[in-house]
1. With (1) over 16 Å from the mean Cα position of the chain (by Cα); (2) open to solvent by less than 30 Å² (accessible area, probe 1.4 Å); (3) in contact (Cβ under 8 Å) with a residue 60 or more places away in the chain as the list, and Gly64 as the residue in question, which single condition is left unmet?
2. Give the stretch 329-356 a look and list any residue that's among the hydrophobic types (A, V, I, L, M, F, W, C) and under 18 Å from Asp136 (Cα atoms), or say none.
3. Taking the residues in the stretch 138-155 that are polar (S, T, N, Q) and open to solvent by less than 50 Å² (accessible area, probe 1.4 Å) as candidates, determine which candidate is nearest to Met120 (Cα to Cα).
4. For residues in the stretch 227-263 being basic (Lys, Arg) and surrounded by fewer than 18 Cβ atoms within 10 Å (Cβ to Cβ), which is farthest from Phe284 (Cα to Cα)?
5. Among all residue pairs at least 6 apart or on different chains, which show Cβ distances below 9 Å where the first residue, located in the stretch 355-383, is open to solvent by less than 40 Å² (accessible area, probe 1.4 Å) and the second is modelled with pLDDT under 85 and not aromatic (Phe, Trp, Tyr)?
6. Can Ile68 be described as farther than 25 Å from Asn157 by Cα and at pLDDT 90 or above?
7. So for the stretch 13-36 (the condition being within 19 Å of Leu238 (Cβ to Cβ), at pLDDT below 85 and under 26 Å from the mean Cα position of the chain (by Cα)), does at least one residue qualify?
8. It is to be established whether one or more residues within the stretch 79-86 are in contact with a helix residue (DSSP H, G or I) (Cβ under 6 Å, 6 or more places away or on another chain) and surrounded by fewer than 24 Cβ atoms within 10 Å (Cβ to Cβ).
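The values are calculated or read from the model by the stated rules, or taken from the named source; none is laboratory data. Just so we're clear, the structure is a prediction, and the values are computed from it rather than from any experiment. Here the Cβ positions follow ideal geometry from the backbone for every residue, glycine too, while neighbour counts run over all protein chains shown. What goes into the accessible areas is simple: the full protein's heavy atoms, side chains included, and nothing from ligands, DNA or RNA. Shrake-Rupley method; radii C 1.70, N 1.55, O 1.52, S 1.80 Å.
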Amino acid sequence: LSMLCSYSIQSKPMLVPILSCRMVRLTIEKGFCDDSIVGLVTAGYSLFSFTDDIKLGYRIGKVGESFIEESRNRHALRSRLCFELDSTLKAVIEPMQPAVAQCPDRYDSAMLAGDVASAMLSLLAHCIGSLHIGVDLVSLSKSFVGCIKQSTKFRQNFVQYLAMSAFGACIFLSGRNTDEVEVKSYEELNQIGERGKHLNLLYQNFFNQMYCCFWAGEYAEVAELSKRHKPTGQKRILEVMRTFFEGVAALTLARHTGQASLKKTGEGALQKMLKWENISKWNFENMAQLLQAELHYLNGDIASAGSAYKASIASACEHKFVHYEALAYELYGIFCVENGMVKEGASQLQMALDKYTQWGAMTKVKALQRFVDTGDPSFLRKFR
């Protein structure tokens, strides 16, 4: 059952609640062992992912974590449950940065336990998590190269393809390619995913394509991708970010097209994000505030929109999400320019440029700098 849980989380997630429930029941009937810890943590993960008992799932997972630290097999268990604990439960509820920072320790534990597969997954989790907390993209590129090299060495093809998918987004934003490793295109990765029926790889490809479109300001393409790929229904960090991307895109497009359906999508995204903010202010307050700002702007409430943009900037700065701070500065700057506050808008856009440079997103810097220098209207047309 423990081995089936590992397989199911990646390939058949709807089996996970059934398997974890069975493991907990067997523990009650037969007694406690190390696999009981797997069952307990996976049960918490299942509650978190598939029900509204998010905080209960998190607490059960934390109980399992305390058992891990008392076990003689703690290294094997840490690595085995890295995804459920560090990349899901803790990354959403607790501040995301410390959760991501634990992944190298999980990698070390896995190598000590001789569990190469879990070690590679921990390495991958660290790279992907670092991308989403705004780690400098230049240094992150080196981490992705290392991950791809190691997964190739140990013949962990699934990890290799997932790393290529996320690395593609990193390359796009940083504007820095590499000849150290092969990076397949999303079309090639989708073909691999479809042949092998790797649902997780297909989802990661979709998300990373949406990620690139969002940061490029190609909001119409974000909306189109969203139509083609239904939400998974699972509560995981990428789904939360997807909600945010879709919400910003929909509200911006609604402002320029007047489509009621887009406004409804944006309002729905805001309501979801407010719930996530209630679960973790640290991780999601800046996103909720930015969606609120865009909705106020759409509704013509200029004063409230300005206040919400500033609140989003302050939250992203306080909670150390430099990429979301840059985004909030950018959207606030565009708001100012479009409402005749040109000097203030220029100041905010310059701050956005500084923050994007700090992030290492040079593709974004070049496009935004062209708009600041020339007033190139093609930059703003991308938001329509």
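1. (3)
2. Those that are among the hydrophobic types (A, V, I, L, M, F, W, C) and under 18 Å from Asp136 (Cα atoms): Met351, Ala352, Leu353.
3. Ser151
4. For the stretch 227-263, the residue satisfying everything is Arg228.
5. Listed by first residue and then by second, the contacts come to Ala367/Asp376; Ala367/Lys382; Phe371/Pro377; Phe371/Ser378; Phe371/Leu380.
6. The answer is yes for Ile68.
7. Taking every residue of the stretch 13-36 in turn, at least one turns out to be within 19 Å of Leu238 (Cβ to Cβ), at pLDDT below 85 and under 26 Å from the mean Cα position of the chain (by Cα).
8. no
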